[in-house]
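*Asks:* Mind looking over this structure? Questions follow.
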Amino acid sequence: MGVKVNVTGDFGGLLSSQSLDRARYVLANQALADMDQFVPYRQGHLAASGHLDAKHNIVYDTPYARAQFYGFIANYKTGQQSRVRNYTVSEHPQASRRWDLRAKSLYGDEWANKVKKSLLEGK
């Protein structure tokens, strides 16, 4: 047996587009800050390039950000991919690929609480 739920209204402003946008901004800003310790850091260009775009997406815009994030580098001549095995850890000792998942595992509950607080209290 299925259940169908129709939601109308915005629950007194709780789910208005403005409050959802604010909650998304709060989450993205906190996630960006918490992920920094896991971002590879040699000269700091990759870590410093992290910012939020107009839709509150986290963006790292160095040319090599994708390769560092996923941990693969492609040979431009052959197309063969190689695994990135060593990350510079002098400044960020916990640096690795998929720094979003590392931060989420540690801070995910705190992020959820921030979103909840943002939606309920408007902060």
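*Asks:* Kindly indicate whether residue 100 is surrounded by 13 or more Cβ atoms within 10 Å (Cβ to Cβ) and part of a helix (DSSP H, G or I).
*Replies:* yes
*Asks:* Residue 105 passes all but one of (1) in a loop (DSSP other than H, G, I, E, B); (2) farther than 16 Å from residue 29 by Cα; which number fails?
*Replies:* Condition (1) is where residue 105 drops out.
*Asks:* Then there's this: Filter the range 39-83 down to the residues that are aromatic (Phe, Trp, Tyr) and without any contact (Cβ under 8 Å) to a residue 12 or more places away in the chain and list them by number.
*Replies:* Residues of the range 39-83 that are aromatic (Phe, Trp, Tyr), as a first pass: 41, 60, 64, 69-70, 72, 76.
The answer is 76, and nothing else.
*Asks:* Further, regarding this structure: Give the number of residues within the range 109-123 that are under 13 Å from the mean Cα position of the chain (by Cα) and free of Cβ contacts under 8 Å to residues at least 12 places away in the same chain. I'd like the intermediate steps shown before the answer.
*Replies:* First pass over the range 109-123, keeping only residues under 13 Å from the mean Cα position of the chain (by Cα): 111.
Filter once more, keeping what is free of Cβ contacts under 8 Å to residues at least 12 places away in the same chain: none.
Selection size over the range 109-123: 0.
*Asks:* Turning to a different aspect of this structure: Among the residues of the range 84-108, write down those that are in contact with a Lys or Arg (Cβ under 9 Å, 6 or more places away or on another chain) and without any contact (Cβ under 8 Å) to a residue 24 or more places away in the chain.
*Replies:* 84
*Asks:* Filter the range 45-88 down to the residues that are surrounded by 12 or more Cβ atoms within 10 Å (Cβ to Cβ), of a type in the set (Gly, Ala, Ser) and outside any strand (DSSP E or B) and list them by number.
*Replies:* Passing the criteria: 47, 48, 49, 65, 67, 71.
No value in this document is a laboratory result; all are computed from the given coordinates. Only a predicted model underlies this, so the values are computations on that prediction, with no experimental measurement involved. Positions of Cβ are backbone-derived with ideal geometry, glycine not excepted, and every protein chain shown enters the neighbour counts.
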